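*Asks:* After the structure tokens below, expect a handful of questions from me.
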Amino acid sequence: QVQLVESGGGLVQPGGSLRLSCAASGRTFSIYTMAWFRQAPGKEREFVAGVNRSGGTLVYADSVKGRFTISRDNAKNTVALQMNSLKPDDTGVYYCAADWGLAVPKSRSEYTYWGQGTQVTVSS
């Protein structure tokens with residue numbers, strides 16, 4: 001079992017930045033692939049970014065490439081999402097997720113553990 005708690009959401013103007021953090025507790029953090037998903041009102045939850053257990057493989061959704069950066073610190077059991085050049089379309093609830101395995105899947109069904117989510121609102 002692993003427990004995930006997100007933080008760092010908030011209201012930001014278009015073009016601004018936010019840094020989300022996910023703290024994990026429970027079983028050994030370093031054995032999990034970690035990812036961020038988001039869900040806008042009335043839409044499906046979608047993959048945003050993911051990182052494999054070593055941090056050597058980073059995967060991004062096309063919509064956030066070049067603007068978002070995912071990173072992990074296995075010593076601190078945390079994964080972060082640095083979001084720059086934010087757009088109104090980035091608004092939604094952002095979820096941290098964890099999965100066993102070596103790959104970085106983009107399907108939400110592949111992830112076993114989820115946090116409660118943190119709201120990100122991009123608006124002027």
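*Asks:* When only residues in the stretch 13-28 that are over 24 Å from K87 (Cα atoms) and touching a strand residue (DSSP E or B) at 6+ places or on another chain (Cβ under 7 Å) count, which is most open to solvent (accessible area, probe 1.4 Å)? Write out each step before concluding.
*Replies:* Looking only at the stretch 13-28, we keep the residues that are over 24 Å from K87 (Cα atoms), and these are 23-28.
So of that shortlist, the ones also touching a strand residue (DSSP E or B) at 6+ places or on another chain (Cβ under 7 Å) come out as 23-27.
On the way: A23: 48, A24: 14, S25: 57, G26: 61, R27: 128 Å².
Per the criteria, the residue is R27.
*Asks:* Additional query: When T33 is evaluated against the numbered criteria (1) over 16 Å from the mean Cα position of the chain (by Cα); (2) open to solvent by less than 60 Å² (accessible area, probe 1.4 Å); (3) hydroxyl-bearing (S, T, Y), which criterion, by number, is the only one it fails?
*Replies:* Exception for T33: condition (1).
*Asks:* Quick one: in the stretch 37-57, which of the residues that are aliphatic (A, V, I, L, M) and touching a residue at least 40 places away in the same chain (Cβ under 8 Å) is farthest from N77 (Cα to Cα)? Working first, answer last.
*Replies:* Here is the first cut: in the stretch 37-57, the ones aliphatic (A, V, I, L, M) are 40, 48-49, 51.
This time we only want the ones that are touching a residue at least 40 places away in the same chain (Cβ under 8 Å), so: 40, 48, 51.
Details: A40: 27, V48: 20, V51: 13 Å.
Ranking the candidates gives A40 first.
*Asks:* Restricting to the stretch 56-76, name every residue that is part of a loop (DSSP other than H, G, I, E, B), open to solvent by 30 Å² or more (accessible area, probe 1.4 Å) and under 22 Å from E110 (Cα atoms).
*Replies:* G56, T57, D62, S63, K65, N74
*Asks:* Looking only at the stretch 82-113, count how many residues are part of a strand (DSSP E or B) and surrounded by 17 or more Cβ atoms within 10 Å (Cβ to Cβ). It would help to see each step written out before you state the result.
*Replies:* From the stretch 82-113, those part of a strand (DSSP E or B) are 82-83, 92-100, 113; that's our starting set.
Next, from what is left, pick out any that are surrounded by 17 or more Cβ atoms within 10 Å (Cβ to Cβ): 83, 92-99, 113.
Total satisfying the criteria: 10.
*Asks:* All but one of (1) touching a residue at least 12 places away in the same chain (Cβ under 8 Å); (2) on the phi < 0 side of the Ramachandran plot hold for T28; state the number of the condition that does not hold.
*Replies:* (1) is the only condition that T28 fails.
*Asks:* Does V79 satisfy being within 10 Å of the chain's Cα centre (by Cα) and assigned to a strand (DSSP E or B)? Talk me through it step by step, then tell me what you get.
*Replies:* Working: within 10 Å of the chain's Cα centre (by Cα): yes; assigned to a strand (DSSP E or B): yes.
Yes, satisfied.
The values are calculated or read from the model by the stated rules, or taken from the named source; none is laboratory data. What you are looking at is a predicted structure, and each value in this text was computed from that prediction instead of being measured. In this analysis, Cβ positions are derived from the backbone assuming ideal geometry, glycine residues included, and neighbour counts consider all displayed protein chains. These area figures cover heavy atoms from the full protein model, side chains too; ligands, DNA and RNA do not enter into them. Shrake-Rupley method; radii C 1.70, N 1.55, O 1.52, S 1.80 Å.
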